[in-house]
Amino acid sequence: MATSSPVPPPQPATNKSQMNPLPPSVFTLPQTAQLEALYTIIRSKETSRGDFLFYSDRIIRLLVEEGLNHLPVVKKVVETPTGATYEGVGFEGKICGVSILRAGEAMEAGLREVCRSVRIGKILIQRDEETALPKLFYSKFPQDIASRYVLLLDPMLGKGRVPTGGSAIKAIEVLMENGVPEERIIFINLISAPEGLRNFCGKYPLVKVITGWIDQGLNEKAYIIPGLGDFGERR
Ligand code: URA
């Protein structure tokens, strides 16, 4: 007769965030064992491209849902098929996504799966060869972006060497130049480097940051450690 060993009950994952305390504008996903298992798959160098796509998409959907939790709602009363009334809430305001090219584009599908027919803009920021600072190369936004809440998408907060997180900082600057108030921007990423978060939140404390995991830091090649390597290359 087959015997089975008892399965221990699920335990909450220990909070492995490398930043304590978190800046008040930073929110991590609940660090459950389930989430940690998803990250373990996408971090492993043995993971196939197919699995990387599948499991990183699962994390992206969780991040988008968490981002939406930070949008305002208004009271809304509906009648149910039973004839009863239900006093609930409805979404207030319009949203759009803006992906930081190129890696941020990989998060667009996850946003579309959660928010049907969402408008999505794009922004390309690269290092200026002369100044070594992040420079805007291209942007395309919905024409009414100034009246929308913006979900800014970039998988890794560590890009831009001077300062670390410089690409995301530049993206916020460009969005604000286009009329989007700082407090209407929600920045979503899978993994953050603490120095990137510190620089970003120091410059734009009203932007909410939704991050899946905060890692140890950066290596000399500006990769997040332990990280997952080059996100764009692995998709
Ligand atoms: N971008 C990546 O794809 N990986 C990193 O570790 C840092 C930035």
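The values are calculated or read from the model by the stated rules, or taken from the named source; none is laboratory data. On a predicted model such as this, the values are computed, not experimentally measured, just so you know. With ideal geometry, Cβ positions are generated from the backbone for all residues, glycine too; neighbour counts draw on all protein chains shown.
If only residues of the range 188-218 that are part of a loop (DSSP other than H, G, I, E, B) and either within 14 Å of residue 18 (Cβ to Cβ) or in contact with an Asp or Glu (Cβ under 6 Å, 6 or more places away or on another chain) (or both) are counted, the one that is farthest from the ligand (Cβ to nearest atom) is 206. Just checking, does the range 136-150 include any residue being free of Cβ contacts under 8 Å to residues at least 24 places away in the same chain, away from the ligand (no atom under 16 Å from the Cβ) and of a type in the set (A, V, I, L, M, F, W, C)? Looking for residues that are free of Cβ contacts under 8 Å to residues at least 24 places away in the same chain, away from the ligand (no atom under 16 Å from the Cβ) and of a type in the set (A, V, I, L, M, F, W, C), one finds at least one in the range 136-150, hence yes.
The residues of the range 158-186 that are within 16 Å of the ligand (Cβ to nearest atom) and either part of a loop (DSSP other than H, G, I, E, B) or touching a helix residue (DSSP H, G or I) at 6+ places or on another chain (Cβ under 6 Å) (or both), listed by number, are 158, 159, 160, 162, 163, 164, 165, 168, 169.
With the condition kept exactly as written, say whether any residue in the range 82-98 is surrounded by 16 or more Cβ atoms within 10 Å (Cβ to Cβ) and within 16 Å of the ligand (Cβ to nearest atom). Checking the range 82-98: not a single residue is surrounded by 16 or more Cβ atoms within 10 Å (Cβ to Cβ) and within 16 Å of the ligand (Cβ to nearest atom).
Do we find that residue 112 is farther than 26 Å from residue 226 by Cα, at pLDDT 95 or above and either in contact with a His (Cβ under 8 Å, 6 or more places away or on another chain) or in a helix (DSSP H, G or I) (or both) in this structure? When the stated conditions are applied, residue 112 passes them. Taken together, 59, 100, 42, 95 contain a single residue that is part of a strand (DSSP E or B) and either over 16 Å from residue 208 (Cα atoms) or among the acidic types (Asp, Glu) (or both), which is 100. Output the residue which, of all residues in the range 217-232 that are closer than 20 Å to residue 102 by Cα and within 18 Å of the chain's Cα centre (by Cα), is surrounded by the most Cβ atoms within 10 Å (Cβ to Cβ). Looking at the filtered set, the residue picked out is 224. Just one of the listed residues (145, 214, 188) is modelled with pLDDT of 95 or more and surrounded by fewer than 23 Cβ atoms within 10 Å (Cβ to Cβ), and it is 145.
Any chance the range 222-235 includes a residue that's more than 21 Å from residue 112 (Cβ to Cβ) and more than 10 Å from the ligand (Cβ to nearest atom)? So far as the range 222-235 goes, no, none of its residues is more than 21 Å from residue 112 (Cβ to Cβ) and more than 10 Å from the ligand (Cβ to nearest atom). If only one of 52, 91 is modelled with pLDDT of 95 or more and not polar (S, T, N, Q), which one is it? Result of the check over 52, 91: 52. Checked across the range 121-144, the condition of being within 15 Å of the chain's Cα centre (by Cα), closer than 27 Å to residue 56 by Cβ and assigned to a loop (DSSP other than H, G, I, E, B) holds for no residue.
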